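Here the structure comes first, spelled out in structure tokens, and everything after it is commentary.
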There are 2 protein chains.
Amino acid sequence: MFDVTKMFDPALTSYKPPKSSAYASWGDPGAISLSGGYPDPEYYPWELIGKLATEALAKDYPRILAYGPSNGFAELREWVAEHSKQNGVEAKADEVVLCDGSTETMSLVARLVLQPGDAMVMEAPSYSGAVSVFLTSVAHVEQIPMDEQGIDIAKLEAYAKERKASGRPLKLVYIMPNYHNPLGTSTTVERRKELVAMAQKYDFLILEDDAYIEFRYEGERLPSIKAFDTDGHVIYTSTFSKPLAPGLRLAWIVASPVVAGALSRLKGSSNMSANHLGQAIALAYCKEGHIYKHIEKMNALYKMKKDLMLKTLEEHMPDFVTWTKPSGGFFLWLEIEEGRVDGIELLKETKGKVTYRPGDSFYATEEGLNKLRLCFTFEPAEKVEKGVILLAEAIKKLAK
Amino acid sequence: MFDVTKMFDPALTSYKPPKSSAYASWGDPGAISLSGGYPDPEYYPWELIGKLATEALAKDYPRILAYGPSNGFAELREWVAEHSKQNGVEAKADEVVLCDGSTETMSLVARLVLQPGDAMVMEAPSYSGAVSVFLTSVAHVEQIPMDEQGIDIAKLEAYAKERKASGRPLKLVYIMPNYHNPLGTSTTVERRKELVAMAQKYDFLILEDDAYIEFRYEGERLPSIKAFDTDGHVIYTSTFSKPLAPGLRLAWIVASPVVAGALSRLKGSSNMSANHLGQAIALAYCKEGHIYKHIEKMNALYKMKKDLMLKTLEEHMPDFVTWTKPSGGFFLWLEIEEGRVDGIELLKETKGKVTYRPGDSFYATEEGLNKLRLCFTFEPAEKVEKGVILLAEAIKKLAK
């Protein structure tokens, strides 16, 4: 009997999804969804997208419908380079690579620099999509806890030192500095500088995932980690999924010329180039100034929903539950005092009523089942409020 | 000094592009292009694409603009399953995975089943895109020559036997059975059956790339290799790049449930899913019957251009040049008697006048510089004719 699974990459097949995934019902259409990291679907600029697609095809269809450069359309890369300046990133268009979504930026970087037995570091907790990308890579994944400033820099240095001594040095550190997924909090400027200094000292790369940077509701815009990079230790990525739409699958990388060149070649031999119609739509959306207007509109809406979620939590959650207070992004992070509520029981209790992302999705180990990521952007305000109340009721009901 | 290239995957960085690539000028806008494997751009259904995009968004934008299943839209997978029946492939929608272009289908299969030190086989010559995907994979690439029926089956068996004895068995054989790129010829039905029997005997997988199947100008439609597969040894792929447009980056895989499931997971952790707007456009294009009408129209045009290219070759090429006579696809393959013309000199001589794809792009080794792939679909008829005449003049001028 032919067993094809014996041929499969063991890194892929040995990957075990988080325990909660057998119980989570976050596609449940009958429940209020605080789970996915989605924009508010009522405000997708869908008519505009159709119009921009039609106009772009009329103007430029021989290019849009053909094969094209593996790093993407030059004009869109130029826009990204210009747009990056506000985050302190100085880059030329040739240092930009357009990709089919953020997941692809991580997957390409992992494939470029991680060899079997190499180590990479993530924050604990870290974005669930990144956890599954890196856990299915050939590398060893180490998660390092966070303090109030960001990733624990002393623990990171200890780990870098340990790996260096072992002869298999740390290669890559994945950081989400702004409005962290799932925490909702941001790394301080001081910690950003320390991270670059550490990368230079131990010669690892930092993969800076800045997916939520534009969704700022309070406070100043902080310079990115890449802004402090003087010699190519930082690979910066961000995405059109949040300020435009996830379904277009479009994100970008900004990296040193040699890294951008290698990623572009790898992108080419992976799937040729990012889809052209998405690129053409994004180009018109950016060049005609729609992007910043849309962000401004959405930020007013999201700030209102974020404040409403915080207020509802204050009013309804028992005192053994705590949560972060984000000043941007899509999420906040809720912790139930250890031993009070069984995480699997809570999933069963809330089934069909309200969904959230169980905390163990954000860890490479089995921890996190008493933690929850709540998204405040997707549902309309009244459902954000009702969802939190339903969740609070379930927690109180199960509490020991 | 930080040298990031030391971190790079050696399989990627050790890849050397073909010798001719330093001289080939196939993006040259001043030259007649017989080089790229492009549809005729005058006939891209661009107005229809804009219309279908706008209609699909109006009807279904919350799904199209959001994240979605990693194997793609169920209705489009159902269409693919139904469409595959005419090639003798019986598959359910769950055995289909939608990908961002054909290159991605190959790249995902390579990543799923090829471990360092494994072997894979390609035809000699084989599609240049596939050559670069597999040469940058971790596997050893062996090219096996073709006879009049397809890949030399005796040589393939000898190689499979040799690898089996070595303890690192042959894992994958990449075959393009219909209107082969670059040859333009097709594998016989008998050889297709022999390939499946061989895969079963030595337990390797066949990756069947059927990109050109719909572009049939003479003769009957042959059953695919996958049609003879009884136990999951064949992974079938085809693409929307030719019957719709390359720029949408959309292709599909049909495989056994276990392989399709694993490829879908790998696709998910590589870039989530194929771009949704492309999927929505393709779905309407297929469901509303545009696809078969478009193919019918294009086949009449392409047959005329193919016949014109053959006639012009007959009239203008010297007698030391031979070529294939395709009954479908986009290409024919031209061979200049060894020693008559220096391939690099021919590239220099034709520069700015006519472009073609130099033969060494289709080999993993340095051979092939006296061979040329000519594409007859892209340019209008008068330029197809003129391009061949210019090429014949250059060959005659340089001939020893």
Task: Shortest-first distances to equivalent copies, position B:E314, nm, label 7 Å out along Cβ - done: 8.7
Task: Charge dipole (segment A:301-400, unit charges on Cβ, about Cα centre) - positive-most of A:T377, A:H316, A:L398 - done: A:T377
Task: Selection from A:L205, A:V113, A:P177, by position along the positive dipole direction of chain A (Cβ) - done: A:V113
Open item on the list: Per-residue Cβ counts within 10 Å, from other chains only, averaged over B:240-247: what number is that?
Closed with: 5
Task: Accessible area (Å², 1.4 Å probe, nearest 10) - A:K201 - done: 130 Å²
Task: Gaussian network model of chain B, springs between alpha carbon atoms under 10 Å - residue of B:L65, B:L114, B:L205 with greatest fluctuation - done: B:L65
Task: Accessible surface of B:D319 - all protein chains present, 1.4 Å probe, nearest 10 Å² - done: 140 Å²
Open item on the list: What figure, in Å² to the nearest 10, do you get for the accessible area of B:H290 with a 1.4 Å probe and non-protein molecules left out?
Closed with: 40 Å²
Task: For the protein assembly as shown: span of alpha carbons on each principal axis (Å, largest first) - done: 90, 56, 53
Task: Partner chain coverage, peptide A:2-14 - average Cβ within 10 angstrom - done: 6
Open item on the list: Once each part is reduced to its C-alpha centroid, what is the distance from segment B:342-390 to segment A:187-258 in angstrom?
Closed with: 44 Å
Open item on the list: As a test of the formula, what do you get for the protein assembly as shown when each DSSP H run with n ≥ 4 contributes -39,500 (n - 2.57) and the sum is divided by the residue count, at 222 nm and rounded to the nearest 500 deg cm²/dmol?
Closed with: -13000 deg cm²/dmol
- [ ] Please work out how much length the chain gains when fully extended from A:K85 to A:E296, using 0.36 nm per residue of separation minus the C-alpha to C-alpha distance, in nm with one decimal.
- [x] 74.1 nm
Task: Highest-MSF residue in chain B out of B:T13, B:T230, B:T355 [GNM, Cα springs under 10 Å] - done: B:T13
Open item on the list: Which residue, A:S126, A:A93, A:V138, has the largest displacement toward the positive end of the dipole of segment A:89-159 when charges sit on each Cβ (Lys, Arg +1; Asp, Glu -1)?
Closed with: A:V138
TODO: Inverting the mean 1/r over all pairs of different Cα atoms, compute the Kirkwood radius of segment B:1-125 and quote it in Å.
DONE: 19.9 Å
Task: segment A:112-153 - percent relative contact order, Cα under 8 Å, separation 6 or more - done: 45 percent
TODO: Arrange the residues B:R216, B:R221 by how much accessible surface each exposes, largest first, with a 1.4 angstrom probe.
DONE: B:R216, B:R221
Open item on the list: Ordered shortest first, which distances in nm separate the 7 Å Cα→C-beta label point of B:E382 from those of the other copies?
Closed with: 6.7
TODO: Once the label point is placed 7 Å from Cα along Cβ, list for A:N299 the distances to the corresponding points in the other copies, in nm, shortest first.
DONE: 5.6
Task: Orientation-averaged projected area, Cα convex hull of segment B:203-251 (nm²) - done: 4.2 nm²
Open item on the list: Once you keep just the Cα pairs under 8 angstrom separated by 6 or more residues, what percentage relative contact order results for segment A:43-170?
Closed with: 17 percent
Open item on the list: Looking only at segment A:199-273, where both bridge partners belong to it, what percent of the DSSP beta bridges are antiparallel (to the nearest 5)?
Closed with: 50 percent
Open item on the list: 5 Å is the cut-off here: which amide hydrogens, built 1.01 Å from N in the peptide plane, fall below it relative to A:I206, excluding neighbours closer than 5 in sequence?
Closed with: A:V173, A:V234, A:I235
Task: Along principal axes, Cα extents of segment A:23-79, largest first, whole Å - done: 46, 26, 21
Task: Other-chain or far-sequence residues with amide H under 5 Å of A:I32's (modelled H) - done: A:V354, A:T355
- [ ] Report the label-to-label distance for B:E218 and A:K325 in nanometres (one decimal), using points 7 Å from each Cα along the Cα→Cβ vector.
- [x] 8.0 nm
- [ ] Would you work out if segment A:231-375 is rounded, prolate or oblate? Take a ≥ b ≥ c from the square roots of the eigenvalues of the alpha-carbon gyration tensor; rounded if a/c is under 1.5, else prolate when a/b is larger than b/c, oblate otherwise.
- [x] prolate
TODO: Would you mind working out the magnitude of the charge dipole of the protein assembly as shown relative to its Cα centre, with +1 at each Lys and Arg C-beta and -1 at each Asp and Glu C-beta, to the nearest 20 Debye?
DONE: 20 debye
Open item on the list: Placing unit charges on C-beta atoms (Lys and Arg positive, Asp and Glu negative, everything else neutral), compute the dipole magnitude of segment B:43-117 about its Cα centre in debye, rounded to 20.
Closed with: 100 debye
Open item on the list: Based on alpha-carbon centroids, what's the gap between segment B:126-165 and segment A:1-79 in Å, whole number please?
Closed with: 34 Å
Task: Gain on full stretching of the segment that runs from A:K16 to A:A381 - 0.36 nm per residue minus C-alpha separation - done: 127.9 nm
Task: Residue of B:M106, B:M304, B:M176 that the Gaussian network model of chain B assigns the largest fluctuation, springs spanning Cα pairs under 10 Å - done: B:M304
Task: Cβ-derived FRET efficiency at R0 56 Å, A:S25 paired with B:T365, nearest 0.05 - done: 0.55
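The values are calculated or read from the model by the stated rules, or taken from the named source; none is laboratory data. Computed from a prediction, not measured in an experiment: that's the story for all the values here. Don't worry about glycine lacking a Cβ; one is built from the backbone with ideal geometry, like all the others, and counts go over all protein chains shown. We work out accessible area using only protein heavy atoms, side chains counted, and drop any ligands, DNA or RNA first. Shrake-Rupley method; radii C 1.70, N 1.55, O 1.52, S 1.80 Å.
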